[in-house]
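The values are calculated or read from the model by the stated rules, or taken from the named source; none is laboratory data. Everything numeric here is computed off the predicted structure, so don't read it as measured data. Note that we place each Cβ from the backbone using ideal geometry, even for glycine, and neighbour counts take in every protein chain shown.
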């Protein structure tokens, strides 16, 4: 009797070990896993709609940032500027409002509330400004630089298609607009005239 | 006191303690001034930090590069600042160094692995060419026929530049690429290839070149064909002669790379590694800046004024 119990236990043990030692998976699932690529569009979507709004909400007004850049350049770059790449170009998140003075191939020339002339670059939305300006994207988390390039491309695509396309036909010369966005500045050759803003949001002021 | 004296003598006799650490600079070629500048700057920076340095020339040959790695490891070099000859072919050499416990810091060109080099400090060619693409579209007013001269087809930079450029330009259907051909990053080949393309497409409006050497060759071909005033040429690198040509209005734009920044960063990382740091970004981009007639006076060969 004792012997038979021992055999039953041994068989049960062998079955448990055997069951847990072998796994079956569908071949197409394995292939899909092996060729898994970074989902830049998904990343960009989360970044743009879920993470970025909190950062743009606390971004400085461009009319406050420009005087700071003139009087305390180094500290302002350190406090507000971000960039993934090593170099002297940094990106800044800003917000602002003003009147549209001109509309041309480069975008909207806007005179801000404090009288600064900036260009809302609505025609050529390409590059890393919006990806980098928040400081949220960490270069150390990416081993493939192409993934980072694709994030920029997808973020810019959202801005072109979802943000600018619906609002641009309504904007005319003289319209008052409110915007958030990102700007690129080179600390080595600081140029504050006609700063180009890559829009993150753009609406006609009520 | 006796104990301290013994320790002092022991330290004095120890080769590890008395000799400075050695840093090897292994560069793809010394037959191109850009890479000479990169290698010499890396060696000078490491020397400035107190390390013994030596430059090894791989002459664009992966087999010779393998010999250079072998020599560096056997000769007791403690770190390698490396500019690879081949993104895939160089992996085995970096792996050899890693196995021997020698950290490798890639400069400018990458290897297609994220596990063998300690860090890779790379020109952000893609983003540089996105900016170039924007300027290209604006300069041509969104329409015209153009030619693209590619670099060495096995080099990742060739495709990073081409992809960055096309990520913008391909959104404008009025811009038509009539020919895309490799000229191996070489000035003479750039001249020959464009001469031949001009036979079939005499009515082009622009040439986008993956580096400045090809841009110089392309400009020469256009000047010989009497088309230099009409056809716009765009380069990439920030080489001395092209900076001059941008100033003179002969070349529309180039993208400035910063070999000095890459070399300094690689030497700094090696220094930090010797001092115990072990966590480095696997691939860190170095910004590339667009140089046009508007801002050319801010720049000089291989960097900013």
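Structure notes:
- Any hit, the range B:267-282, residues being touching a helix residue (DSSP H, G or I) at 6+ places or on another chain (Cβ under 9 Å), facing chain A (nearest Cβ under 9 Å) and either at pLDDT 95 or above or closer than 28 Å to residue B:137 by Cα (or both): no
- Every test in (1) surrounded by fewer than 19 Cβ atoms within 10 Å (Cβ to Cβ); (2) out of contact with any helix residue (DSSP H, G or I) (no Cβ under 6 Å at 6 or more places or on another chain); (3) in contact (Cβ under 8 Å) with a residue 12 or more places away in the chain is passed by residue A:191 save one, and that test is (3).
- Among the residues of the range B:293-303, some residue qualifies, meaning at least one is buried (at least 18 other Cβ atoms within 10 Å of the Cβ) and in a helix (DSSP H, G or I).
- Checked against (1) farther than 20 Å from residue A:147 by Cβ; (2) surrounded by fewer than 24 Cβ atoms within 10 Å (Cβ to Cβ), residue B:115 meets all criteria but (1).
- Filtered residues of the range B:148-162 (kept if in contact with a helix residue (DSSP H, G or I) (Cβ under 8 Å, 6 or more places away or on another chain) and either facing chain A (nearest Cβ under 8 Å) or buried (at least 19 other Cβ atoms within 10 Å of the Cβ) (or both)): B:148, B:149, B:150, B:151, B:157, B:160, B:161, B:162
- Of all the criteria given as (1) without any contact (Cβ under 8 Å) to a residue 12 or more places away in the chain; (2) over 20 Å from the mean Cα position of the chain (by Cα); (3) over 19 Å from residue B:106 (Cα atoms), the one not satisfied by residue B:305 is (2).
- Within the range B:168-180, the set of residues being surrounded by 14 or more Cβ atoms within 10 Å (Cβ to Cβ) and either in contact with a strand residue (DSSP E or B) (Cβ under 8 Å, 6 or more places away or on another chain) or in contact (Cβ under 8 Å) with a residue 40 or more places away in the chain (or both) comprises B:169, B:175, B:177, B:178, B:179, B:180.
- Picking from residues in the range A:132-146 that are part of a helix (DSSP H, G or I) and surrounded by 20 or more Cβ atoms within 10 Å (Cβ to Cβ), the one that is farthest from the other protein chains (Cβ to nearest Cβ) is A:133.
- Being modelled with pLDDT of 95 or more, closer than 24 Å to residue B:157 by Cβ and either under 20 Å from the mean Cα position of the chain (by Cα) or not in a loop (DSSP other than H, G, I, E, B) (or both) is a description that does not apply to residue B:70.
- When residue B:147 is tested against the conditions (1) under 30 Å from residue B:271 (Cα atoms); (2) modelled with pLDDT of 95 or more, the lone failure is (1).
- One residue from A:178, A:196, A:154 being surrounded by fewer than 21 Cβ atoms within 10 Å (Cβ to Cβ), within 14 Å of another protein chain (Cβ to nearest Cβ) and under 18 Å from residue A:64 (Cα atoms): A:196
- Looking only at residues in the range B:253-265 that are out of contact with any helix residue (DSSP H, G or I) (no Cβ under 6 Å at 6 or more places or on another chain) and assigned to a helix (DSSP H, G or I), the one that is farthest from the other protein chains (Cβ to nearest Cβ) is B:262.
- Residue, nearest to the other protein chains (Cβ to nearest Cβ), within the range B:117-147, restricted to residues that are assigned to a loop (DSSP other than H, G, I, E, B) and closer than 18 Å to residue B:25 by Cβ: B:117
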